[in-house]
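Down below is the structure, laid out as structure tokens.
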Amino acid sequence: PALAGSPTAPELVFALPEELWALNPDTGKLRWFATTGLPGNIAPSVVVGEGVVFAFGGFPQLGAVAVKTGGKGDVTISHRLWQTRNSTYVPTPVLHEGRLYVVTDQGFALCLDAQTGEQVFKERLPGASASGRGGKPFYASAVLANGNLFAVSRRNGTFVIEAKPQFKLVAQNSFASDATQFNATPAVSGKELFLRSDKFLYCVATQ
């Protein structure tokens, strides 16, 4: 869930199979709902910004949808802005400067225009899935820091990507001494980046 709406009328928004629900956080009562067409599992968290809620996920068919906050009752027709099949199954996108960025569980760096849902770029990350073991290459969500996205793959290090409309892979970093999996979303605090593997917790800091 995520908080949306205006400061005077906050909304607690949930993405469910096939629907978005917005509740009054003080009472738990439903304020509005919208059908999304996203079936099955909804793993990514909703993303909120500029008075819009963005929902991703679905199984077996992926999708993404944008719905304006506010309203009452069924707002599917009046408030839904766009819908697309470009999506992610597990990682949650990042909203930055009018664009949605995500590195999908399948190893694609995907960028969508937040106003229209149109694809800005979609690039497969080199070597992201070269593991020879089961599961998808990414479970962690990317985080934004200093103008870059830090996307931690499960077995092939951290991919650093510019958060700009032109795809650019800045770096790919890994710990040679740790061959375990990295499934957790990293955390950022000041100039420190925290990464967790199945074996260790790491803190990487700038000078």
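The values are calculated or read from the model by the stated rules, or taken from the named source; none is laboratory data. Every value quoted in this text rests on a predicted model; they were computed, and no experiment measured them. With ideal geometry, Cβ positions are generated from the backbone for all residues, glycine too; neighbour counts draw on all protein chains shown. SASA here: full protein model, heavy atoms, side chains in, ligands and nucleic acids out. Shrake-Rupley method; radii C 1.70, N 1.55, O 1.52, S 1.80 Å.
The heavy atoms of Asp113 offer some 50 square angstrom of accessible surface to a 1.4 angstrom probe. Each 10 Å bin from 0 upward holds the following percent of the Cα-Cα pairs of the range 1-113: 15, 50, 30, 5, 0. Taking all protein chains together and rolling a 1.4 Å probe, Val48 ends up with roughly 60 Å² accessible. Its DSSP H runs of at least 4 residues, each contributing -39,500 (n - 2.57), put the calculated 222 nm mean residue ellipticity of the chain at -500 deg cm²/dmol, to the nearest 500. Placing unit charges on the Cβ atoms only, positive for Lys and Arg and negative for Asp and Glu, gives the range 161-207 a dipole magnitude near 120 debye about its Cα centre. Carbon and sulfur together cover what percent of the accessible area of the chain at a 1.4 Å probe radius? After summing per-atom areas, the C and S share lands at 52 percent.
Report the chymotrypsin sites (Phe, Trp or Tyr not before Pro) located in the range 167-202 that are in a DSSP loop and have at most 13 other Cβ atoms inside 10 Å of their Cβ, or state none.
Passing both the DSSP loop test and the Cβ count: Phe200.
Once the 1.4 Å probe is applied to the protein heavy atoms, the range 80-129 comes out at 44 Å² accessible per residue. Sequence-distant contacts, meaning Cα pairs under 8 Å at least 6 residues apart, place the relative contact order of the range 94-207 at 17 percent.
What translational diffusion coefficient, in µm²/s and rounded to a whole number, does the Stokes-Einstein relation yield for the range 102-207 at 20 °C and a viscosity of 1.002 mPa s, taking the hydrodynamic radius as the Kirkwood radius over Cα pairs? Estimated diffusion coefficient is 150 µm²/s.
Lys-Lys pairs in the range 85-207 that are eight or more residues apart or on separate chains and whose Cα atoms lie under 27 Å of each other come to 9. Checking [x] 11.5; [y] 10.8; [z] 12.5 against the coordinates, the calculated mean projected area of the Cα convex hull in nm² falls under label [z]. Rounded to the nearest whole angstrom, the semi-axes of the ellipsoid equivalent to the range 119-179, taken from the Cα gyration tensor as √(5λ), stand at 21, 14, 10, largest first.
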